[in-house]
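Structure record follows, encoded as structure tokens.
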Amino acid sequence: MNSLPIYLGYKYFRSKKGAFASFTSLMAIAGLSLGVAALVIVLSVMNGFEKELQTRILGVVPQLIIRSNDNVINYEDIMSEIGNAEKVLSTSPYIETQGLMSAKNRSRGVFVTGIMPELENSMSILPKYIVNGKLENISSKEGVVIGSWLARYLGIKVGDPVNITTTNLRSSILGTFPRTISLEVVGIFELKAELDQSLVLIHHDLAANILNLSENSTQGIRVKTSDLFEVNSVGFNILTQPSLDQGNYYFTSWQQTHGTLFQAIKLEKRLISLMLFLIITVAAFNILSTIVMTVKTKEKEIAILKTMGSSKTQLTCIFLSLGLIIGLLGILIGLIIGIAITPNIDQLINIIENFTNRNLMDSYFINYFPYEFRLTQLINISVSVLIMSLVFSYFPAARAAKLKPVTILRHE
């Protein structure tokens with residue numbers, strides 16, 4: 001008798017004509033499968049975009065900068081001490097100032113960043129995204145590396161000269177005016193992110209010279225950590241180092257400069273997840289309607305089972321089994337569809353682009369759909385949908401268990 005609810009649940013799932021499933025069961029499975037597949041595809045793609053942003057932006061912008069109210073003096077000794085701190089991978093001196101880059105009668109506001117090219121491989125991913133020239137070609141007296149968007153905007157290429165007007169003022173007998181330097185473009189990078197428009201790299205020593213910094217001094221010390229999301233705790237730990245504890249030192253992190261961007265992504269992901277779960281909820285109503293119809297058509301059999309001694313629990317389990325079968329099949333098919341379609345979205349977009357004769361991805365910072373499957377998300381989706389299926393199955397199942405055989409059989 002224990003296996004009877006499962007057997008009857010499967011029997012009611014099948015079609016009377018011997019097909020795998022009845023039409024109403026198939027519709028319920030189809031609605032649930034589409035909802036699960038949509039949730040898997042959208043969340044996986046959003047995971048991919050989040051990872052790309054994290055890699056391309058946080059892989060270039062400073063994760064953590066140790067600063068002082070004055071310039072950082074004897075930075076090499078301080079870098080050596082910071083490098084021994086917990087969760088610190090590498091360090092380098094860092095200078096940033098605003099400027100105006102001009103060439104061929106066009107100009108653009110930029111952030112001029114002074115770096116040590118020999119240390120940049122251990123500090124960021126930018127050397128991997130140099131599309132023309134070399135980052136190592138910048139020196140303490142010459143050379144600038146710019147983004148691809150900025151190069152196209154100014155109409156320049158590697159080897160062309162550019163003028164950079166800085167905010168640093170210079171005085172002479174003619175008066176005070178901003179300092180302007182002329183440099184040759186020695187490299188072009190392409191991150192396909194907003195940094196392509198504004199980031200300009202020169203040698204740290206050249207930047208220090210432009211800002212009239214004293215020898216062996218810098219604006220700040222850039223720190224790369226082993227955990228992006230613990231930079232603040234790493235920063236507080238660094239400030240307790242002996243050489244920094246007594247000075248006017250503080251730190252800034254990516255969470256202050258770019259944190260709102262990633263918070264917006266997480267909020268958007270939650271809102272989209274909620275919207276898609278509402279779609280799945282609507283699809284789960286198909287399970288409720290399927291079981292209600294099944295209960296209505298099987299009232300005679302329910303009455304006979306009750307007269308034979310079936311308990312309310314057994315009758316409830318019969319229709320819970322039916323809802324469970326529909327839910328499990330909907331989840332399984334939805335996961336298969338979602339996991340199969342997600343890696344092939346680019347091909348689907350290409351077909352649409354060829355059909356409409358439009359480039360749909362050109363306006364975005366990457367021209368493909370990244371994706372990342374996360375096992376915890378897939379498990380959460382499956383468990384949530386399964387619970388939802390059982391909840392929507394319970395109400396008509398409980399109603400079936402309360403039917404009175406006398407009332408049903410009176411009309412037979």
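The values are calculated or read from the model by the stated rules, or taken from the named source; none is laboratory data. Only a predicted model underlies this, so the values are computations on that prediction, with no experimental measurement involved. All Cβ positions, even for glycine, are placed from backbone atoms using ideal geometry, and neighbour counts span all protein chains on display. Quick note on the areas: whole protein, heavy atoms, side chains included, nothing else; ligands and nucleic acids left out. Shrake-Rupley method; radii C 1.70, N 1.55, O 1.52, S 1.80 Å.
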By its C-alpha gyration tensor, with a ≥ b ≥ c as the square roots of the eigenvalues, how is the range 184-337 shaped: rounded for a/c under 1.5, else prolate for a/b larger than b/c, else oblate?
-> prolate
Whole-percent carbon and sulfur share, accessible surface of the range 49-208, 1.4 Å = 47
Would you kindly state how much longer the chain becomes between Ser243 and Lys128 on full extension, computed as 0.36 nm times their sequence separation minus their alpha carbon distance, in nm to one decimal?
-> 38.0 nm
For the chain, calculate the relative contact order in percent as a whole number, restricting contacts to Cα pairs under 8 Å that are 6 or more residues apart.
-> 28
Starting from the Cα gyration tensor of the range 49-103, take the square roots of the eigenvalues, sort them a ≥ b ≥ c, and report rounded, prolate or oblate (rounded when a/c is under 1.5, otherwise prolate if a/b is larger than b/c, else oblate).
-> oblate
Can you tell me the alpha carbon radius of gyration of the chain divided by the globular rule-of-thumb value 2.2 N^0.38 Å?
-> 1.49
Pull out the extension gain between Phe111 and Ser289, defined as 0.36 nm times the separation in residues minus the alpha carbon to alpha carbon distance; nm, one decimal.
-> 58.0 nm
Compute the distance in nm between two label points, each set 7 Å from the Cα along the Cα-to-Cβ direction, one at Glu268 and one at Leu390.
-> 3.6
Quick one: in the range 298-345, what % of C-alpha pairs are over 15 Å apart?
-> 61
Computed FRET value (nearest 0.05) for Arg152 with Leu100, which takes r as the C-beta separation and R₀ as 25 Å = 0.90
Label Thr281 and Ile349 with points 7 Å out from Cα along Cα→Cβ: what is the distance between them in nm?
-> 3.1
Here FRET efficiency (C-beta to C-beta, Tyr7 to Asn380, R₀ 22 Å, nearest 0.05) is 0.10
Summing -39500 (n - 2.57) over the DSSP H runs of n ≥ 4 in the chain and dividing by its residue number, what mean residue ellipticity at 222 nm do you reach, to the nearest 500 deg cm²/dmol?
-> -16500 deg cm²/dmol
Taking r as the C-beta separation of Glu372 and Glu136 and R0 as 35 Å, the FRET efficiency to the nearest 0.05 is 0.60
Label-point gap, in nm, between Leu89 and Ala340 - each point 7 angstrom along Cα→Cβ | 3.8
Accessible area in square angstrom per residue, the range 200-288, 1.4 angstrom probe | 51
